[in-house]
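Trainee: One structure coming up, written as structure tokens, with questions to follow.
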Amino acid sequence: MAAPVQQPPQPGGGKRKGKAQYVQAKRARRCEGGGPRQLEPGLQGILITCNMNERKCVEEAYSLLNEYGDDMYGPEKFTDQDQQPSGSEEEDHDVEAALKKEVGDIKASTEMRLRRFQSVESGANNVVFIRTLGIEPEKLVHHILQDIYKTKKKKTRVILRMLPISGTCKAFLEDMKKYAETFLEPWFKAPNKGTFQIVYKSRNNSHMNREEVIKELAGIVGSLNSENKVDLTNPQYTVVVEIIKAVCCLSVVKDYTLFRKYNLQEVVKSAKDSSQLNPKQAAQAGNAKEATLESGDKANQNDPAEGKNNQQVVPENSELKPTEPVSEIQVINEGAAKPELTSQVAEGSESNENDLS
């Protein structure tokens, strides 16, 4: 490519700007206001899938999150950018203390300009990521789904799934292993223990191997406490792994089966259909119906956010019966975990790129 040619001076002393100057100005504006503009390691937030209309999805997300966020954490407090944080009126003659106070004021001023919920670029079509600040995303999303499940009120039109993301790291196996060893401790490190399953999804990423990631994470859970066991019927915890480009999003959620894989549209339906069943029967009934609905949706291409490589779904309830023959992905823990910590996958699930269940 030829080097850009310097433009000759324009009449009147003006000078025509080159293309590089416009690009540089545009990038500068995107960084104003503080906070990241795209999904990156070190964030917490909520991953939301939608059906083609991302702008409407963001609007619905803000409305829903602010409604329940105010309910759980109180109204969001706003501060004018020109307003300075209030401090002590007494004169501080200690130079070191004064410098420390000034640094603290600058940090507080920056935090005041950041919103509780802020949309950032996810890196995938039909996927929205809402960064959270001062919010526990797993508790907030669980509260939303629980309320929708009880009230049976449909509050969104284009939002499909809403997954809390408690942490993000680089989507490389060594980075994920190092991060998960600490990330998973609150739920699985002795004396804490629980039954679990692992759900894996990858978008716009070709260098990660699904089976390898699942095996390594299951091994880490087993090394934290040998009493942690895989339960595909009704696990206490579901480890959610969402990979988008070079970023891995992790979370540990409850009631994943009951809340229909955290699908807001299906939670309303399942609440109506299973109101007369006990929790275990409701969960199993929900699994069978969800598998049918999802397979139909994929055939009609109503959920493009799932990706071309992740279209086949194996009904979960067909995998949950322990008496049926299953094939296994052997998990090598080097003696750290019991044989029960084997990631079980039903026959034919090699083509299932959505879930380990």
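Trainee: Amide H of Arg203 versus every other amide H placed in the peptide plane: which residues, excluding those fewer than 5 positions away on the same chain, fall under 5 Å?
Mentor: HN-HN under 5 Å from Arg203: Ile243, Ile244, Lys245.
Trainee: Please compute the Kirkwood hydrodynamic radius over the stretch 112-215, one decimal place, Å, based on all pairs of different Cα atoms.
Mentor: Taking the inverse mean of 1/r over all distinct Cα pairs, the stretch 112-215 comes out at 16.6 Å.
Trainee: Also, quick follow-up: Go through Lys100/Lys170; Lys215/Lys261; Lys139/Lys189 and tell me which ones have a Cα-Cα distance over 23 Å in this structure.
Mentor: Lys100/Lys170
Trainee: So what's the gap between the Cα centers of the stretch 187-207 and the stretch 218-272, to the nearest angstrom?
Mentor: Measuring centre to centre over Cα atoms gives 7 Å.
Trainee: Using the beta-carbon distance between Glu211 and Lys56 and R0 = 35 Å, what value does 1/(1 + (r/R0)^6) give for FRET efficiency, to the nearest 0.05?
Mentor: The formula returns an efficiency of 0.45 here.
Trainee: Which pairs in the list Lys155/Lys269; Lys150/Lys193; Lys193/Lys254; Lys153/Lys269 are over 21 Å apart, alpha-carbon to alpha-carbon?
Mentor: Among Lys155/Lys269; Lys150/Lys193; Lys193/Lys254; Lys153/Lys269, the Cα-Cα distance tops 21 Å for Lys150/Lys193.
Trainee: Right, here's the next one. Amide H to amide H, which residues 5 or more places from Ser251 or on other chains are under 5 Å from it, using H placed in the peptide plane?
Mentor: Placed amide hydrogens put Ser166, Val240 under 5 Å from Ser251.
Trainee: What list of ³J(HN,Hα) values in whole Hz, one per residue of the stretch 220-233 in order, does the Karplus curve 6.51 cos²θ - 1.76 cosθ + 1.60 (θ = phi - 60°) give from phi, with Gly and Pro shown as x?
Mentor: 5, 4, x, 6, 6, 6, 5, 8, 5, 10, 6, 9, 8, 8
Trainee: Would you please give the FRET efficiency between Leu99 and Lys150, computed as 1/(1 + (r/R0)^6) with r the Cβ-Cβ distance and R0 = 56 Å, to the nearest 0.05?
Mentor: The value I calculate is 0.60.
Trainee: Would you kindly state how much longer the chain becomes between Lys139 and Asn192 on full extension, computed as 0.36 nm times their sequence separation minus their alpha carbon distance, in nm to one decimal?
Mentor: 17.2 nm
Trainee: Mind listing the long-range amide H neighbours of Thr195? Cut-off is under 5 Å, sequence gap 5 or more, other chains count too, H placed in the peptide plane at 1.01 Å from N.
Mentor: Amide H neighbours of Thr195: Lys229, Gln236, Tyr237.
Since every read-out is calculated from the coordinates, none of them should be taken as a lab result. All values reported here derive from a predicted model rather than from experimental measurement. No Cβ is skipped: glycine too gets one built from the backbone with ideal geometry, and neighbour counts run over all protein chains shown.
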